[in-house]
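Okay, so here's the structure we're looking at.
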Amino acid sequence: MLMSERIRAIKPSPTLAINAKAVSMRQAGVDVISFGVGEPDFDTPRHIRQAAVRAIEEGFTRYTAVGGIPELKEAIIEKLRCDQNLSYEREEVMVSCGGKHVLYNLAQATLNPNDEVIIPAPYWVSYPPIVILAGASPVIVETREAEDFKLSPDALEEAITARTRLLILNSPSNPTGSVYSQQELERLAEVVLRHDISVVSDEIYDKLIFDGKPFRSIAQVSEELKGKVFVVNGVSKTYAMTGWRIGYVAGAREVIAGMTKIQSQSTSNPNSIAQKAAIAALTGPQDSVGNMVRAFDERRKYLVGRLNAMPGIHCNMPAGAFYAFPDFSHCFKIDQDGRDMKGSGSLCDYLLTEARVALVPGIAFGADDFVRFSYATSLEAIREGVDRIEEALQRLVSSA
Ligand code: PMP
Ligand code: GLU
């Protein structure tokens, strides 16, 4: 079989695979409730869709500048200035085909074989494969639920070697919903500055925060640190634009130039029409974001309340994003009716077949005791989904 070593080293994205499975079960007539993929269940706001229609009508349908049109770069610069008080020049900003593509380009532009990248676990599923595809090695650092899954300065210090190049931080976090405070970021920043490493700050959920908690980027800690940080963001989550594929990065101009070179030889520019839509998203009315956060907040409280009411299940209250990450290890059994029920993978298989509920197993995020719920689905679906899980787990207990 004609297949590179590289491709043998990775698996398909488990979040997208579970989504595909839930979609195909639905197409086959099974009424699956999906807490699977992380994408807002809202429509892209109307003014954003209209901007795209206008772009088509006006014939904005050709190749654009590889790293994004100047008008969009300006909108990104303005967003980072207003929201994070961070200032960047156009040469320090680049647009790619989604946040995932930004991370891919960034890894390709900065990593060499034998380089190490520190990734706190639980981590978003695509970080390790993106690092591996760049020929480098992910170094996974465990965090604890009791510490709200946050990386401690000591654990970071311990993980750094002469080969460490990058630390990937994700706040608000997918899958835990944890949000780092200014003080926590400052303490991590001290360690980063003591060593010659850079930080990839994945801020794709920056606007999806609850209880009025402020969002802080590690790039805000100091001007010196900002020079070592790549701020990654995009419009997928904040504006319910997952299908449009627009993400962006701000950071050191040499690296941005390198990433642009890679993009020029791979995808070329991100979609021209989606770029116009992204300008409307970033510069237009923001009320849709507040409405979405209010809906997520209501669902979050309901879901986490129900999870914590289940015997043996524990779930921290997420402070941001739209995921809950409860510990389900209490339900793991070995050899349940001939099934190996040990671990989050088999539990999620059981719940998909027996309860028709799709969840992502914690093992996909490097935390096998846990299960991820995306609550970007209606309250009714959440209620019905949790009822089904409770009932299926009850059966498990009574047959044990
Ligand atoms: N980072 C995190 C933490 C995510 O959850 C996602 C969701 N897919 C992304 C990056 C990338 O999103 P997108 O490629 O849709 O911009
Ligand atoms: N980030 C989302 C998730 O974690 C979307 C799927 C993906 O890109 O992995 O479900």
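Points worth noting:
- Screening Arg62 against (1) among the charged types (D, E, K, R); (2) touching a residue at least 12 places away in the same chain (Cβ under 8 Å); (3) surrounded by fewer than 17 Cβ atoms within 10 Å (Cβ to Cβ); (4) in a helix (DSSP H, G or I) leaves a single unmet condition, (4).
- When the test is whether a residue is away from ligand 2 (no atom under 16 Å from the Cβ) and basic (Lys, Arg), Lys213 passes it.
- For Cys82, the conditions (1) in contact with a Ser or Thr (Cβ under 7 Å, 6 or more places away or on another chain); (2) over 20 Å from Val255 (Cα atoms) are fulfilled apart from (1).
- Ile256, sole failed condition from (1) under 17 Å from Asp83 (Cβ atoms); (2) touching a strand residue (DSSP E or B) at 6+ places or on another chain (Cβ under 7 Å): (1)
- Some residue of the range 82-97 being within 15 Å of ligand 2 (Cβ to nearest atom) and touching a helix residue (DSSP H, G or I) at 6+ places or on another chain (Cβ under 8 Å): yes
- Residues of the range 370-384 classified as within 13 Å of ligand 2 (Cβ to nearest atom) and surrounded by fewer than 15 Cβ atoms within 10 Å (Cβ to Cβ), total: 0
- Residue satisfying all of: in the range 327-348; assigned to a strand (DSSP E or B) and either of a type outside the set (D, E, K, R) or touching a helix residue (DSSP H, G or I) at 6+ places or on another chain (Cβ under 6 Å) (or both); modelled with the highest pLDDT among these: Met341
- In the range 74-124, of all residues being within 16 Å of the chain's Cα centre (by Cα) and aromatic (Phe, Trp, Tyr), the one that is nearest to ligand 1 (Cβ to nearest atom) corresponds to Trp124.
- Tally of residues being free of Cβ contacts under 8 Å to residues at least 40 places away in the same chain, away from ligand 1 (no atom under 16 Å from the Cβ), hydrophobic (A, V, I, L, M, F, W, C) and out of contact with any strand residue (DSSP E or B) (no Cβ under 9 Å at 6 or more places or on another chain) across the range 6-32: 2
- Residues within the range 33-46 that are more than 16 Å from ligand 1 (Cβ to nearest atom) and surrounded by 14 or more Cβ atoms within 10 Å (Cβ to Cβ), tallied: 2
- Within the range 181-210, considering residues that are in contact (Cβ under 8 Å) with a residue 40 or more places away in the chain and within 16 Å of ligand 2 (Cβ to nearest atom), the one nearest to Ala274 (Cα to Cα): Ile204
- Test result for Val360, within 16 Å of ligand 1 (Cβ to nearest atom) and either polar (S, T, N, Q) or in contact with a helix residue (DSSP H, G or I) (Cβ under 9 Å, 6 or more places away or on another chain) (or both): yes
- Test: residue in the range 111-123 that is surrounded by fewer than 19 Cβ atoms within 10 Å (Cβ to Cβ), touching a Pro at 6+ places or on another chain (Cβ under 9 Å) and touching a residue at least 60 places away in the same chain (Cβ under 8 Å): no
- Only one of the listed residues (Lys261, Lys301, Lys276) is in a helix (DSSP H, G or I) and crowded, with 21+ Cβ neighbours inside 10 Å. That residue is Lys276.
- Residues located in the range 175-199, provided they are in contact with a Gly (Cβ under 9 Å, 6 or more places away or on another chain) and β-branched (Val, Ile, Thr): Val179
The values are calculated or read from the model by the stated rules, or taken from the named source; none is laboratory data. Remember, predicted model here, so these are calculated numbers, not experimental data. Every residue, glycine as well, gets a Cβ built from its backbone with ideal geometry; the counts of neighbours run over all protein chains shown.
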